[in-house]
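S.K.: Quick one: this structure, given as structure tokens, is what I'll be asking you about.
Taken together, the values in this text are just the output of simple stated rules run on the coordinates, not laboratory data. Note that the structure is a prediction, hence the values are computed from the model and not measured. Quick reminder, even Gly has a Cβ in these numbers, built from the backbone with ideal geometry, and neighbours come from all protein chains shown.
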Amino acid sequence: MQEILFRRNGGLREYFERIKLKAIKEIEAVDTNSLLNFNEEDLIRNVVEKFSLDPPILDPDNKTISAPSDVDIDISWDRARAFFDGNSIRGTEVTVSVPFGGDGTLFHFAPSTYNYSPPRGEVVGQKMVLKFQQSEHDAEGLSKDISRRIIDIQKYLGWVKNNIDGFEREFEAFVREFIRQRKRKKLKDLELVAKLGIPVAGRDDTPRTYAIPQIKRKPKIANPASTGKPFIPEPALEMAEYENILSIVRNMAAVFERNPSSFAGLKEEDLRNHFLVQLNGQYEGCATGETFNYQGKTDILIRHEGRNAFIAECKFWKGEKGLSKTIDQILGYTSWHDTKTAIFLFNRNKYFSSILGKIPDAVKAHPCFKRDEGKKSETEYRFILHQPDDPDRELILSFLIFNIPTVEKNATG
């Protein structure tokens, strides 16, 4: 008699909890520097993929059957028949092998949905082996028994897959939250030691605290993830400040649109200077007095300790190739992990809708494109890119596209 499937190792619920415990151990085994330096989304994806489940799928179209063999069939349960023939009779046994893809261990766990007559079988490598016995040579009955058993197993596998799909949706959120909790704890551990002011013995890579200069509106700084190098808590602009900067730019662009005669003939540098005036109204200079500055082609930036925390380029639309070059410029200027960047793209009343449609494809074609963060409005996109020499080193790139009005000259003017 073959074993009962979907029963031996308990339920899938318990199996899922064991996977969570293994994932916790996996994350806890990552050393502090690697945990804080490694890109968070990549780490989440690595853990999720390592513990992903591959539910079995039967391939009944490629089943095979063995040559029949003699077998003693127990008939002790049939008292009338056993009285004449004894407790067993000579019969025939055939073995049907059904190949399957996926993880064969999942045949041994009970799904949350089940019935009280689970199928029997034996997992041998990547085959489900099914045995059938007959005391009479009934080919039609045997064929029905084989089909019925396979259908029963497939029904259970459907329930198993439903459970796995639900677990994997939950598991990614679980891993994400645990990694973030772990990172928060490690950062607090480092901050605790740093606040004591006592050198840590035997280590040269102890992260040091840093002070943010006092400015009119203080850019809030957070510790980002980075690569697998010794961790140093580098400041990065928080998302709330990033969104505030973009909001200031949007509001100024609305002024352009409402007053076309005042801005119609301005060049890139002139439009940029209007942004700078508004931004400097909220963000004064740091210690060097150069919080916002443009040097050469660098249009707008926030600087801290001589390094760039926010960078923006102001450009008129000159086609996809021009856009790709502007992205290269942004990548060349950035130096911090999780740097917040933007491209303010101007267009003068020509094919505006067409230009909007071209931007996503142009960005995705760039070799440093990593993922699309979605369309924020009809004229605003956001993407994640990585540094050319380091796929773990990510930056946010927002595109704000503005239609700069032109003023038609009078025919008699």
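S.K.: Enumerate the residues in the range 149-171 having an amide nitrogen under 17 Å from the point lying 7 Å beyond the Cα of R13 toward its Cβ.
M.R.: Backbone N within reach: 159-168, 170-171.
S.K.: Extension gain N62-E122, at 0.36 nm per residue separation less the Cα-Cα distance, in nm?
M.R.: So the extension gain works out to 19.9 nm.
S.K.: How high is the FRET efficiency from L266 to Q181, r the C-beta distance, R0 41 Å, rounded to 0.05?
M.R.: Calculated transfer efficiency: 0.25.
S.K.: What is the spin-label model distance, in nm, from S247 to D31 if the labels are put 7 Å beyond Cα along the C-beta direction?
M.R.: 4.3 nm
S.K.: How much FRET efficiency would the formula 1/(1 + (r/R0)^6) give for F51 and I4, where r is the Cβ-Cβ distance and R0 is 25 Å, rounded to 0.05?
M.R.: That gives a FRET efficiency of 0.40.
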